[in-house]
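Heads up, the thing below is written out as structure tokens.
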Amino acid sequence: MADAAVLAFLLIPLGLLLGLLWGTHVASRRLGEADTTRQRVLVVTAVVSTLWMTATWIAADSGVLRLWYATPPPFAILVVAVLGLTATFAFSTYGRRLAHGLPLWALVAVQGFRWPLELAMHGMYARGVMPEQMSYSGRNFDVVTGVTALIVAPLVLAGRAGRRLVVAWNVLGLILVLNVVTVGILSTPRFRYFGEDRLNVWITYPPFVWLPAVMVLAAISGHLIIFRATSARRMSDMMTAPARRHAQRDPS
């Protein structure tokens, strides 16, 4: 943990958890929810998130995730669980709260965590811990999403970028994260697609297990929530457009 690149895999997930709690609080207040509702949601968020992060850490620390030839492989169960939680988080009323309650620029800015994450991942490759294909020296280009998030978000905040740019950026970001997820899965000992000397086993150890269990979950669900947010704003614009046209024709 004295290594900054290793420490990033602990600090970034904890930062995302704190950001989620803060974002939930802000979204709830902006939507005018009752104090009791907001408190209940925050408690549930904290408890469920802590249990999930603890369970995945224990699974990695125990070695169960490295039983590659079990049927089914425990790591495959983790992947399915991550995808299931991602969909539940993004398409539930919880995801709706964030999509409708937070400003669009904030939802984009959160994805900036992928810049320092990619730097840390490259550090793991440089140390011989992570296979090259999972770094930006190989087949992982997700650093583009992290850097551009910190460009697009201020443009949206300043009113110099609209929904179309956000949608285009969001599509690109989703493609890039799904690309590295695919590369990571194909690099496991179960598939060995990139060769025997380039296996992806490091993410089955703590704290690196939080890469798929927390950071990939946050990245994909974040993109899906942004799609919900842009869709809601498009519908709002369509509903208010007739009123604006009427006001222009009849200023009185």
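Give me 125, 205 ranked fewest to most by other Cβ atoms within 10 Å of their Cβ, as a rough exposure proxy. Walk me through the numbers before you get to the answer.
Numbers: 125 20, 205 16.
In order of increasing Cβ crowding within 10 Å: 205, 125.
Provide the three semi-axes, in whole Å and in decreasing order, of the ellipsoid equivalent to the chain as defined by the square roots of 5 times the Cα gyration tensor eigenvalues.
On the way: eigenvalues 266, 88, 49 Å².
Semi-axes, largest first: 36, 21, 16 Å.
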For the pair residue 160 and residue 141, the simple spin-label estimate (label points 7 Å beyond Cα toward Cβ) gives in nm 2.5 nm
Whole-Hz Karplus couplings 3J(HN,Hα) for segment 74-85, θ = phi - 60° and coefficients 6.51, -1.76, 1.60, Gly and Pro as x, run x, 5, 5, 5, 4, 4, 4, 5, 4, 5, x, 5
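Taking other Cβ within 10 Å of each residue's Cβ, how do 197, 142 sort, fewest first?
Working: 197 7, 142 25.
Going from least to most buried by this count: 197, 142.
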Computed ³J(HN,Hα) along segment 137-143: with the Karplus parameters 6.51/-1.76/1.60, θ = phi - 60°, integer Hz and x for glycine or proline, the list is 7, x, 10, 10, 10, 5, 4
For segment 4-236, the charge dipole (Cβ of Lys, Arg +1; Cβ of Asp, Glu -1; about the Cα centre) points to a positive end, and the Cα of 224, 161, 58 closest to that extreme belongs to 161
Taking the dipole of segment 4-236 about the Cα centre (Lys, Arg +1; Asp, Glu -1; charges at Cβ), the one of 187, 17, 152 that reaches farthest to the positive side is 152
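Please report the relative contact order for segment 4-236, taking Cα pairs under 8 Å with a sequence separation of at least 6, and give it as a percent rounded to a whole number.
Working: 277 pairs, mean separation 68.6, N = 233.
Contact order relative to length: 29 percent.
Want the number for residue 150 to residue 37: 0.36 nm per residue separation, take away the alpha-carbon distance, what's left? If you can, show how the numbers build up before the last one.
On the way: separation 113, 0.36 × 113 = 40.68 nm, distance 3.20 nm.
37.5 nm is the gain from fully extending residue 150 to residue 37.
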If every Lys and Arg gets +1 and every Asp and Glu gets -1 at its Cβ, then about the Cα centre the chain yields a dipole, in debye to the nearest 20, of 1000 debye
Going from the fewest other Cβ atoms within 10 Å to the most, one would list 14, 217 as 14, 217
Burial-style ranking of 78-90, 102-114, average other-beta-carbon count within 10 Å with highest first, yields 102-114, 78-90
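Read the figures in this text as sums done on the coordinates, not as results from a lab. This is a predicted model, so every value here is computed, not measured. With ideal geometry, Cβ positions are generated from the backbone for all residues, glycine too; neighbour counts draw on all protein chains shown.
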